[in-house]
Structures are given as structure tokens and as C-alpha cells.
Amino acid sequence: DLLETLPLSSSENRFRLERMILLANSMLGLASLLDSLLWVVWFLVLARVVISWVSADPRKRLVQFIMGSTEPLIAPIRRRLPLVGGGLDLSPLVLVFLVMFLQYALVASLRDYAVIMKRSTVTVPTHSF
């Protein structure tokens with residue numbers, strides 16, 4: 001156990017360390033949850049694109065679920081983005097780029113910050129021989 005191996009001079013230091021580790025682990029958990037949700041969105045958008053290409057039956061429950069779960073995310077983008085040559089809707093592509101940006105910027109930053117927090121609070125004393 002990390003808390004047992006560190007030479008802490010007081011209960012205040014121990015409490016501070018426990019709080020920082022809890023906060024860092026919570027940030028890692030939040031980053032993992034957010035990353036998983038973003039991957040689900042990514043795959044749902046991909047499924048939506050495939051559905052639109054193959055003209056799937058809109059009465060099927062799976063098709064309704066995919067279209068219904070992605071429409072609230074795509075509709076605001078579609079309203080602001082004009083159709084291109086021949087009525088091509090690029091809003092799913094924009095949403096995928098947004099998801100990728102969030103994964104690389106937000107999720108990665110949360111993970112990195114949590115790791116830095118853990119390293120900065122856990123200082124193991126070095127001994128000179």
C-alpha cells in the first residue's frame with residue numbers, strides 16, 4: 001500500500017495525500033467514462049452513415065435507436081452547415097471530428113493532469129549513500 005510506504009510526518013500530510021490520490025483517481029475514472037461515451041457516439045454515427053447508404057428499413061428498432069440517439073447531436077450541426085454538391089450532408093463527419101477532438105484534447109488532458117497530480121503529491125525521499 002502506497003500510503004504505508006511513504007514517510008508522512010503527520011496525519012495532516014496523510015489526509016492531504018489521500019485527498020489528492022482520490023481526486024486523481026476520480027479524474028482518471030471520469031476520463032475513462034467520457035472516453036467510452038465518446039467511442040459509443042463515434043460508432044453510432046458510423047452506423048448512422050452506413051444506414052443512410054444502404055437505405056435500411058426505418059421501422060426497425062435498431063435503425064430507430066441509432067437515428068434517434070444521433071439526431072440530437074447532428075441536428076444543431078446540420079442547421080449551421082450547408083449541404084454540399086448534390087445534397088451531401090457533412091454533419092456526421094463534423095460530429096466525428098468533434099468527438100475525436102474531445103478524445104484527444106479533453107480526455108487526454110484529464111488523464112495527463114491526473115497522472116501529474118499523483119506524481120506531484122507522491123514524493124518518495126531519495127537517500128544519498
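Can you name the residue in the stretch 112-129 that is at pLDDT below 85, of a type outside the set (S, T, N, Q) and in a helix (DSSP H, G or I) and, of all such residues, is nearest to the chain's Cα centre (by Cα)?
K118
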Unmet requirement for R59, which otherwise passes all of (1) of a type in the set (D, E, K, R); (2) outside any helix (DSSP H, G or I); (3) surrounded by 11 or more Cβ atoms within 10 Å (Cβ to Cβ): (3)
Unique match (being hydrophobic (A, V, I, L, M, F, W, C) and modelled with pLDDT of 90 or more) among L62, L83: L62
Any pair with Cβ under 8 angstrom, 6 or more apart, that starts in the stretch 6-35 at a residue that is of a type in the set (D, E) and ends at one that is surrounded by 12 or more Cβ atoms within 10 Å (Cβ to Cβ) and at pLDDT 85 or above: D35/Q103; D35/V107
Search result, residues across the stretch 73-111 that are touching a residue at least 40 places away in the same chain (Cβ under 8 Å) and over 11 Å from the mean Cα position of the chain (by Cα): P92, L95, V96
Single residue of I21, I66, I74, I51 found to be touching a Ser or Thr at 6+ places or on another chain (Cβ under 6 Å), of a type in the set (A, V, I, L, M, F, W, C) and assigned to a helix (DSSP H, G or I): I74
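Looking at the structure I just gave you, is A108 in a helix (DSSP H, G or I), closer than 24 Å to T121 by Cβ, touching a Lys or Arg at 6+ places or on another chain (Cβ under 6 Å) and among the hydrophobic types (A, V, I, L, M, F, W, C)?
no
The values are calculated or read from the model by the stated rules, or taken from the named source; none is laboratory data. The model shown is predicted, which means the values in this text are computed figures rather than measured ones. Cβ: placed from backbone, ideal geometry, glycine included. Neighbour counts: every protein chain shown.
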